[in-house]
There are 2 protein chains.
Amino acid sequence: MDTPNVLLTGFGNVGRAFVRLMHEKRELCRKTYDLDLRLRGVFKTNGGLFAGEDSDLFGIEELSSSDCLAHSAWKTGLRCKDLFSQLKPGVLVECTPTNIHTGEPGLSYIRKALEAGWHIAAASKGALVVDFKNLKEMAKKAGVCLKYSAATAAALPTLDVGLYSLAGTEILGIEGILTGTANYILSRMEHGISFQDALKEAQARGIAEPDPSLDIDGWDTASKILLISNSVAGTDFELKDIPCEGIRNLTPADILAAREEGKSLKLVGWVIREVGSMRAEVRVAAIDQAHPLGRLAGTQKGITFYTDTMGQVTVAGGKSDPRGTAATLLKDIINIFR
Amino acid sequence: MDTPNVLLTGFGNVGRAFVRLMHEKRELCRKTYDLDLRLRGVFKTNGGLFAGEDSDLFGIEELSSSDCLAHSAWKTGLRCKDLFSQLKPGVLVECTPTNIHTGEPGLSYIRKALEAGWHIAAASKGALVVDFKNLKEMAKKAGVCLKYSAATAAALPTLDVGLYSLAGTEILGIEGILTGTANYILSRMEHGISFQDALKEAQARGIAEPDPSLDIDGWDTASKILLISNSVAGTDFELKDIPCEGIRNLTPADILAAREEGKSLKLVGWVIREVGSMRAEVRVAAIDQAHPLGRLAGTQKGITFYTDTMGQVTVAGGKSDPRGTAATLLKDIINIFR
């Protein structure tokens, strides 16, 4: 039985959901995958919990943040980064908030972890978007897995399908509805609600962030399409290479005009093959309802890959919530140790 | 660079397409996957070609069956089964015609190959449907991979998604439109054409077999749902456990009645969780057009998995032709040696 050390960075909704899920799925992981994960530490920006190498934190999944800080294992001044070289290498579960400009704080955690030979399962996009090529090379050099399904539409399997199910094909194009929040707002606008009201509703329901700009200005989609394309289609995009349009200026009249032609406005990330190269962009497009992505409503996401030998393959669905993202992290970890 | 021996059994449309594709994708396999496949032999019911261990058959991809038999490497009386123990173990690509009652001739080939430590990539369903549990155990014991994506809806990634992308989830249910021929006939019947005429048209277009009974009586769907469920949901179904309805007795009036309610008649394979157990069945059902599988037209296929933690995940598409099936075999082989 594998008993890998797990360190978790970030203890927001996703980090907490992951700890709960590890607990809930412990028996399944042991029985089905011969895998017994040991949660050695949980770290937030302002401190953390370290259980030591001989015990684990399976008891803390229901504790609040303030409980954590009061926990007896708390060690003042202990920095998570120091632990990577002190513990037997396992897997870093990276759930800190996404910053697509600096990649921090995740970037420093991931670099330190890779240097010390740890596998990575990342839910936050920032570090990968900022430093994709370098992190991939570091992982290759260290002979470890760098997984980020949870950062690329989470429970919607985008990378698995592109890398595993379509292995040996040539990817001719990709189109994806990858931001649940934007799709939710557009779906509500189809019912005649204004952008502002739909956004407020999404925030009240916990679907949109207090600062929703990444989602509604298209950068969330752009980040995901960058990671997917660079992983699957061999491109080398940086965020600045991807022209990006958001949904902020759409009116219900725009939505209805599309509707009258039997189409729906969607925020789509595209990768398009052109002579000798690929280009990517994010923009609002009127999608026919007969298109496999045309009927995705609410927070639903989907992606279509166009290939040379297998035709067109579409995946849609996957729960858009912290538990779904946590399940995606667990999936990546299971596949790392399989 | 891995240089595994490949033996191919079955040289019909799929087998031929596979040999052509191996040739076409040779450079990609070398460059991207560090894999250089060596086709040592091609076998049909009435004979075959064996190149020896030091040369391969990459030149034969355009040869007709009669050319094969006249090939200088042809050895009278040489049986493919003898080769598994004579060659360094590689991968058997099994493309013989499907017989869901006896599993032969594929079953004997697969058993011999597993006994000699060969990996399997199977396109034919028969052997697996007849002897699933035993073949899985043989593969496990031999420490080799038994892959059959090409037998479970081919370019539509059913097993990959269930086993890999949904790892760690509990499968609560599966529904799939898995037989392209049946879906094609039902789609044509939506245009008012009778079952018999739609079937003739499908045969004329090479979509339906001369003997279409496996497809139109539901046994193709039942075989696929058996393999998918046993692989992904931990069931232990045999074909006799799966009540099976076909599309033979449907009339255009049945189709139109569903249409009037905004639904489409589809041939669906189901796996349903009930208290303490799972049950499977194949039947014609009226599917709402808003359902992710409701709009699949022509030979399109799709599958929806219902899970505890990731919600509902649907995959649709994937080319339904010999080239798509060949690409699926190649995908499985790449993933075996990755």
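The values are calculated or read from the model by the stated rules, or taken from the named source; none is laboratory data. Not measured: the values here are computed from a predicted model. So basically every Cβ, Gly included, is an ideal-geometry build from the backbone, and we count neighbours across all protein chains shown. Heavy atoms of the whole protein, side chains included, go into the accessibility calculation; ligands, DNA and RNA do not. Shrake-Rupley method; radii C 1.70, N 1.55, O 1.52, S 1.80 Å.
Which of the residues that make up the stretch A:79-98 are open to solvent by 50 Å² or more (accessible area, probe 1.4 Å) and part of a loop (DSSP other than H, G, I, E, B)? Let's see the steps before the verdict.
Start the filter on the stretch A:79-98 by keeping residues that are open to solvent by 50 Å² or more (accessible area, probe 1.4 Å), which leaves A:79, A:81-82, A:85-86, A:88-89, A:97.
Residues satisfying the conditions are A:R79, A:K88, A:P89, A:P97.
Look through B:K147, B:K140 and report the one residue that is within 14 Å of chain A (Cβ to nearest Cβ) and without any contact (Cβ under 8 Å) to a residue 12 or more places away in the chain.
It is B:K140.
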Task: Within the stretch B:277-314, tally of residues that are over 22 Å from the mean Cα position of the chain (by Cα), outside any loop (DSSP other than H, G, I, E, B) and within 9 Å of another protein chain (Cβ to nearest Cβ) - done: 2
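Just to be sure, is A:P157 open to solvent by less than 10 Å² (accessible area, probe 1.4 Å) and not charged (D, E, K, R)?
Values: open to solvent by less than 10 Å² (accessible area, probe 1.4 Å): yes; not charged (D, E, K, R): yes.
Answer is yes for this residue.
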Task: Subset tally (residues that are open to solvent by 30 Å² or more (accessible area, probe 1.4 Å), in contact with a strand residue (DSSP E or B) (Cβ under 8 Å, 6 or more places away or on another chain) and among the aliphatic types (A, V, I, L, M)) for the stretch A:285-296 - done: 1
Task: Which listed residue, of B:G117, B:G103, is away from chain A (no Cβ under 14 Å), open to solvent by 10 Å² or more (accessible area, probe 1.4 Å) and of a type in the set (G, A, S) - done: B:G117
Task: Among (1) over 24 Å from B:K301 (Cβ atoms); (2) modelled with pLDDT of 95 or more; (3) touching a helix residue (DSSP H, G or I) at 6+ places or on another chain (Cβ under 9 Å); (4) more than 14 Å from chain A (Cβ to nearest Cβ) - the single one B:G90 does not satisfy - done: (3)
Open item on the list: Can you pull out every residue in the stretch A:297-311 that is surrounded by fewer than 23 Cβ atoms within 10 Å (Cβ to Cβ) and in contact with a Pro (Cβ under 8 Å, 6 or more places away or on another chain)?
Closed with: A:T304
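Hey, can you tell me all the residues within the stretch B:305-329 that are among the hydrophobic types (A, V, I, L, M, F, W, C) and closer than 16 Å to A:V161 by Cβ? Outline the logic, then answer.
The first filter runs over the stretch B:305-329 and keeps only residues among the hydrophobic types (A, V, I, L, M, F, W, C), leaving B:305, B:310, B:313, B:315-316, B:326-327, B:329.
B:F305, B:M310, B:V313, B:V315, B:A316, B:A327 - these are the residues of the stretch B:305-329 that are among the hydrophobic types (A, V, I, L, M, F, W, C) and closer than 16 Å to A:V161 by Cβ.
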TODO: Of all residues in the stretch A:99-135, count the ones that are more than 14 Å from A:T45 (Cβ to Cβ) and either free of Cβ contacts under 8 Å to residues at least 24 places away in the same chain or assigned to a loop (DSSP other than H, G, I, E, B) (or both).
DONE: 9
TODO: Identify all residues within the stretch A:329-338 that are of a type outside the set (D, E), surrounded by 23 or more Cβ atoms within 10 Å (Cβ to Cβ) and more than 7 Å from chain B (Cβ to nearest Cβ); write none if there are none.
DONE: A:L329, A:I333
Open item on the list: If I ask for residues that are closer than 30 Å to B:D211 by Cβ, outside any helix (DSSP H, G or I) and either open to solvent by 10 Å² or more (accessible area, probe 1.4 Å) or not aliphatic (A, V, I, L, M) (or both), which ones from the stretch B:160-182 would you list?
Closed with: B:E175, B:G176, B:T179
Task: First in the stretch B:27-44 and within 10 Å of B:P4 (Cβ to Cβ) and in a strand (DSSP E or B), second anywhere and open to solvent by 10 Å² or more (accessible area, probe 1.4 Å) and among the β-branched types (V, I, T), Cβ under 7 Å, 6 or more apart - done: B:R38/B:T3
Open item on the list: Quick check on my filter: what residues within the stretch B:6-16 are touching a Leu at 6+ places or on another chain (Cβ under 9 Å) and either without any contact (Cβ under 8 Å) to a residue 40 or more places away in the chain or open to solvent by less than 10 Å² (accessible area, probe 1.4 Å) (or both)?
Closed with: B:V6, B:L7, B:L8, B:T9, B:G15
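Could you tell me which of the residues A:I185, A:I207, A:I247, A:I193 is touching a residue at least 40 places away in the same chain (Cβ under 8 Å), open to solvent by less than 10 Å² (accessible area, probe 1.4 Å) and in a loop (DSSP other than H, G, I, E, B)? Show your work before the answer.
Numbers: A:I185 fails: in a loop (DSSP other than H, G, I, E, B); A:I207 fails: open to solvent by less than 10 Å² (accessible area, probe 1.4 Å); A:I193 fails: open to solvent by less than 10 Å² (accessible area, probe 1.4 Å).
Result of the check over A:I185, A:I207, A:I247, A:I193: A:I247.
If you check B:R273, B:R259, which single one turns out to be more than 19 Å from B:L178 (Cα to Cα), open to solvent by 20 Å² or more (accessible area, probe 1.4 Å), in contact (Cβ under 8 Å) with a residue 40 or more places away in the chain and assigned to a helix (DSSP H, G or I)? Steps first, please.
Numbers: B:R273 fails: assigned to a helix (DSSP H, G or I).
Sole residue among the options that is more than 19 Å from B:L178 (Cα to Cα), open to solvent by 20 Å² or more (accessible area, probe 1.4 Å), in contact (Cβ under 8 Å) with a residue 40 or more places away in the chain and assigned to a helix (DSSP H, G or I): B:R259.
Would you point out which residue out of A:T169, A:T158, A:T179 is in contact (Cβ under 8 Å) with a residue 40 or more places away in the chain and more than 14 Å from chain B (Cβ to nearest Cβ)? Give the derivation first.
Working: A:T169 fails: more than 14 Å from chain B (Cβ to nearest Cβ); A:T158 fails: more than 14 Å from chain B (Cβ to nearest Cβ).
Answer to the selection: A:T179.
Looking only at residues that are open to solvent by less than 10 Å² (accessible area, probe 1.4 Å) and under 18 Å from A:D220 (Cβ atoms) in the stretch A:319-328, which one is nearest to the other protein chains (Cβ to nearest Cβ)?
Only one residue tops the list, namely A:G324.
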TODO: Spot the failing condition for A:D131; the list is (1) surrounded by fewer than 21 Cβ atoms within 10 Å (Cβ to Cβ); (2) more than 17 Å from the chain's Cα centre (by Cα); (3) farther than 29 Å from A:V313 by Cβ, and only one is missed.
DONE: (2)
Open item on the list: Looking at A:V282, A:V232 in this structure, which one is of a type in the set (V, I, T), farther than 21 Å from A:N99 by Cβ and buried (at least 18 other Cβ atoms within 10 Å of the Cβ)?
Closed with: A:V232
Task: From the options A:A257, A:A202, residue that is small (G, A, S) and modelled with pLDDT of 95 or more - done: A:A202
